[in-house]
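Colleague: Just dropping this structure here.
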Amino acid sequence: MNALLHLGSLPPRTTRGTLVRLLVQVGGIAKAKLGAIEVHGREATIEVPQRSLDDLVRALDGTQLDHYHIRAWYQIAKKPGDEDHFQRLARLLDMEAEAEAEQLLLATQRMSGEDAQRAGTTLIRLVVEDIEAGLGNRTLVTLVRKDREELPWTRLDAGSPVVLSPEVETPRANWRGVISRRQGKLVQVAFEQEPEELGESTFRVDLAFDEVARRRQREALQRAAAARGDRLAELRQLLVEGGQFRFQPLKVPLAILDQSLNEPQREAVGFALSAVDTALIHGPPGTGKTTTVVELIRQAVLRGEQVLACAPSNLGVDNMLERLLSHGERAVRLGHPARVLPHLRDATLDYLVDKHPDARLAQKLIRQADGLRDRASRYTRAKPLPGAKREMRDEARTLLDDARRLERQAVQQILDQATVICATTTGLDSRHLGQRRFDLAVVDEACQTTEPGCWTVLLRCERLILAGDHCQLPPTVVSQPAAREGFGVSLLERLMDREGPRLARQLTRQYRMHQQIMEFSSDEFYEGSLVADDSVREHLLASVERPRQGLPGVQATELSTSPVHFIDTAGAGYDEQQEADGESRLNLREAEFVVRQAEELLAAGLPATQLGVITPYAAQVRLLRQQLRHAGLEVDSVDGFQGREKEAIIISLVRSNSTGEIGFLADTRRMNVALTRARRKLIVVGDSATIAGHPFYHRLLEYFELIGAYHTVWEY
């Protein structure tokens, strides 16, 4: 009976012939026993006898092919219609990939440039401002608008994969890169190779589909499903099929390194360290989840363990990295330097390899090899000696092989010396990591990744700790059919629902919000368990009675001396409307009112950098950004403010209609995020007549009345 052998992380342009030689010479299988071979990019499937699978995987997994560490696993075909957990996830992952590709196709091919830019997936009418060298031999191209004006609102941000192309009817070429910086009037794109012949054209930058991340997740699901008799198989049993999670008492009392940790944080660290398999850290808003995670990592390092620290977002990884470095940990950041905060790029693998003596020698050998190949291809009047050009080409190949060996050696030395490796969940590259495994893996922001993202981490660890809050934003899922089948349920949320307190510890003391800003979310989402620390319990923008509780330079006004304002627009004609040529919603009069509230806070002395305006609708974001042009003042969607905070937040709810339709507002977890971003002042502007029909908003309005925060636009 034949089965499928999967090979991944193959060198580019691997041929069937190369795979046959690999299977015969390294795998030890007779050529006659090989069936059909299919190659798809850097992955391949080969039909082989089922009895040969275990021997082939042992021989091939982790072996090198043309300087690449390849991965091997197998899959035994199931009966038609017999879909297991991983096949289901793989199918939903493919559905999501198709939906994302369709969305990008709509933006780049079916929409005009203006419409695509308004949707936030494209920037148009750009010209090249500068070209310079970046880390890892990358090329950085800086672009600005042709009219030198500010860039419009866009979803494109540092780390976004993009395509740069000329703005002509039939583009002659396009180049794939990653946005390395975006601010004010410029956007900078990093390319693996310098784009040729950019010329004097105007350009557009379009969001691109990240197939590499999707491929790594597919491979992880396939390998997890195929695992037999190893640690991955044990973890799969527990996480998917169920079982008894194990915990061992700590051998010595826990000596906390960061003395600022409170008792719930200390308990969570001890609980996680005692986990033999998996544990969860539930961190509601402002409770110091990342602080707790960093303490856990440092404790594991003290025990002599090597730790893999991950998060779904680059910013989430950088937050951990920055804190680990500040504590003196030997942490190395994997991933494209363009996706790393500028002040942390010295800790990236690319930077450290560039500075390594072996890598410098490798660059010298590469330059020598380039010179030899150039001489071998150059025409000369004098006829060269027989075989001279071949000898130069052979010597160049030898030099390049030596250079690659030295570069690999530098990478492995740097990783061996690190105590913590930091990467996004989809940034774990086998080219560098090979078969490297970690004693402990920690995933922060674990509720913001779909489950396949966690299996890329599980391939490489003995124990897994997930940290996050399933009561805040779930993973972003574009495919609505996939979402209906549960693709938006993270692994942490699934385990919380199944295991509850047996597997989790919740943080309860919060250090962000005034008590009245905190209380509704605490009661609604966390069973009233949150406690405001004394340092924030009663702090305000300004206080007449207790000046020390206010911010320096902020004057006492009606808005600045109270923590919460809800301003009701019902009956005032603040009607919503649909954006022209789009599906998003906006509310012109509500936007004008929000601007007035923002201006009043700024006039009272609140720094613009400490004010944020949140709204669930992209059209309202664009409208408010046009009207609020103060340097440092941020206007963004709820998703854009996840994990962040400001001293004051204004929320524009937008919806105002006679039928009680509330659209995105029905996602109460999203509203939980919005309501908990403010430290000292929260202002919510909305139409009570529209939102009160929903039970969540009915309770929210009752809470505003209870604390004396309810007002109407007629008062202003």
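The values are calculated or read from the model by the stated rules, or taken from the named source; none is laboratory data. The structure presented is a predicted model; accordingly, all values stated were derived computationally and were not measured. Note: ideal-geometry Cβ built from the backbone for every residue, glycine included; neighbour counts use all protein chains shown. Side chains are part of the model used for accessible areas, which takes the heavy atoms of the whole protein and leaves out ligands, DNA and RNA. Shrake-Rupley method; radii C 1.70, N 1.55, O 1.52, S 1.80 Å.
Colleague: Please state which one of 205, 293, 252 is among the β-branched types (Val, Ile, Thr) and open to solvent by 20 Å² or more (accessible area, probe 1.4 Å).
Modeller: 252
Colleague: How many residues does segment 480-507 hold that are open to solvent by 10 Å² or more (accessible area, probe 1.4 Å) and in contact with a Phe, Trp or Tyr (Cβ under 8 Å, 6 or more places away or on another chain)?
Modeller: Going through segment 480-507 one residue at a time, the tally reaches 4.
Colleague: Separate question: Among (1) in a helix (DSSP H, G or I); (2) closer than 20 Å to residue 243 by Cβ; (3) at pLDDT 95 or above, there is one condition residue 456 misses while meeting the rest; what is its number?
Modeller: Tallying (1) in a helix (DSSP H, G or I); (2) closer than 20 Å to residue 243 by Cβ; (3) at pLDDT 95 or above, residue 456 fails exactly one: (2).
Colleague: Of the conditions (1) crowded, with 18+ Cβ neighbours inside 10 Å; (2) modelled with pLDDT of 85 or more; (3) polar (S, T, N, Q), residue 117 fails just one. Which one is it?
Modeller: Result: residue 117 passes all but (2).
Colleague: I want to confirm something. Restricting to segment 67-101 and keeping residues that are under 21 Å from the mean Cα position of the chain (by Cα) and open to solvent by 40 Å² or more (accessible area, probe 1.4 Å), which single residue is modelled with the lowest pLDDT?
Modeller: 101
Colleague: Condition test on residue 591, is it among the small types (Gly, Ala, Ser), out of contact with any Pro (no Cβ under 9 Å at 6 or more places or on another chain) and without any contact (Cβ under 8 Å) to a residue 12 or more places away in the chain? Break it down stepwise before answering.
Modeller: Numbers: among the small types (Gly, Ala, Ser): yes; out of contact with any Pro (no Cβ under 9 Å at 6 or more places or on another chain): yes; without any contact (Cβ under 8 Å) to a residue 12 or more places away in the chain: no.
No; evaluated as a whole, the condition is false for this residue.
Each row is one residue, and each column tells you yes or no for (1) open to solvent by less than 20 Å² (accessible area, probe 1.4 Å); (2) farther than 16 Å from residue 678 by Cβ; (3) among the β-branched types (Val, Ile, Thr).
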| position | (1), (2), (3) |
| --- | --- |
| 593 | yes, yes, no |
| 601 | yes, no, no |
| 604 | yes, no, no |
| 615 | yes, no, yes |
| 619 | yes, yes, no |
| 632 | no, yes, no |
| 640 | no, no, no |
| 653 | yes, no, no |
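Colleague: Any residue at all in segment 302-315 that is surrounded by fewer than 23 Cβ atoms within 10 Å (Cβ to Cβ), modelled with pLDDT of 95 or more and not in a loop (DSSP other than H, G, I, E, B)?
Modeller: Within segment 302-315, one or more residues are surrounded by fewer than 23 Cβ atoms within 10 Å (Cβ to Cβ), modelled with pLDDT of 95 or more and not in a loop (DSSP other than H, G, I, E, B).
Colleague: Tell me which residues, restricted to segment 607-661, are among the acidic types (Asp, Glu), assigned to a loop (DSSP other than H, G, I, E, B) and closer than 26 Å to residue 690 by Cα.
Modeller: Across segment 607-661, the qualifying residue is only 661.
Colleague: When you go through (1) aliphatic (A, V, I, L, M); (2) closer than 30 Å to residue 550 by Cβ; (3) open to solvent by 10 Å² or more (accessible area, probe 1.4 Å) one by one for residue 674, which number turns out not to apply?
Modeller: Tallying (1) aliphatic (A, V, I, L, M); (2) closer than 30 Å to residue 550 by Cβ; (3) open to solvent by 10 Å² or more (accessible area, probe 1.4 Å), residue 674 fails exactly one: (3).
Colleague: Regarding segment 437-445, can at least one residue be identified that is more than 24 Å from the chain's Cα centre (by Cα), open to solvent by less than 40 Å² (accessible area, probe 1.4 Å) and either modelled with pLDDT of 70 or more or not acidic (Asp, Glu) (or both)?
Modeller: No.
Colleague: Given the conditions (1) in contact (Cβ under 8 Å) with a residue 60 or more places away in the chain; (2) under 27 Å from residue 715 (Cα atoms); (3) of a type in the set (Gly, Ala, Ser), which single one is not true for residue 553?
Modeller: (1)
Colleague: So, one more: Would you check if there is a residue in segment 215-225 being free of Cβ contacts under 8 Å to residues at least 40 places away in the same chain, of a type in the set (Lys, Arg) and in contact with a Leu (Cβ under 9 Å, 6 or more places away or on another chain)?
Modeller: no
Colleague: While we're here: Within segment 666-679, is even one residue closer than 14 Å to residue 597 by Cα and of a type outside the set (D, E, K, R)? Reasoning before the result, please.
Modeller: To start, the set of residues in segment 666-679 that are closer than 14 Å to residue 597 by Cα comprises none.
No, every residue in segment 666-679 fails to be closer than 14 Å to residue 597 by Cα and of a type outside the set (D, E, K, R).
Colleague: Looking only at residues that are in contact (Cβ under 8 Å) with a residue 12 or more places away in the chain and surrounded by fewer than 16 Cβ atoms within 10 Å (Cβ to Cβ) in segment 51-61, which one is farthest from residue 398 (Cα to Cα)?
Modeller: Within segment 51-61, the match that is farthest from residue 398 (Cα to Cα) is 54.
Colleague: Give the residues of segment 226-265 that are closer than 27 Å to residue 295 by Cβ, without any contact (Cβ under 8 Å) to a residue 60 or more places away in the chain and of a type in the set (A, V, I, L, M, F, W, C), sorted by residue number.
Modeller: The answer is 238, 247, 250, 252, 254, 255, 256, 261.
Colleague: Looking at the structure I just gave you, is residue 463 outside any loop (DSSP other than H, G, I, E, B), under 26 Å from residue 324 (Cα atoms), open to solvent by 20 Å² or more (accessible area, probe 1.4 Å) and at pLDDT below 90?
Modeller: No.
Colleague: Which residue pairs have Cβ atoms under 6 Å apart, sit 6 or more places apart or on different chains, and have a first residue in segment 465-487 that is aromatic (Phe, Trp, Tyr) and a second that is part of a loop (DSSP other than H, G, I, E, B) and modelled with pLDDT under 95?
Modeller: These pairs meet every condition: 487/477.
Colleague: Going by the conditions given, is residue 258 farther than 25 Å from residue 53 by Cα, of a type in the set (Asp, Glu), touching a helix residue (DSSP H, G or I) at 6+ places or on another chain (Cβ under 6 Å) and part of a loop (DSSP other than H, G, I, E, B)?
Modeller: Numbers: farther than 25 Å from residue 53 by Cα: yes; of a type in the set (Asp, Glu): yes; touching a helix residue (DSSP H, G or I) at 6+ places or on another chain (Cβ under 6 Å): yes; part of a loop (DSSP other than H, G, I, E, B): yes.
When the stated conditions are applied, residue 258 passes them.
Colleague: Hey, another quick one. Could you list, in sequence order, the residues of segment 120-167 that are among the charged types (D, E, K, R), open to solvent by 50 Å² or more (accessible area, probe 1.4 Å) and not in a strand (DSSP E or B)?
Modeller: 146, 147, 148, 149, 150, 155, 157, 167
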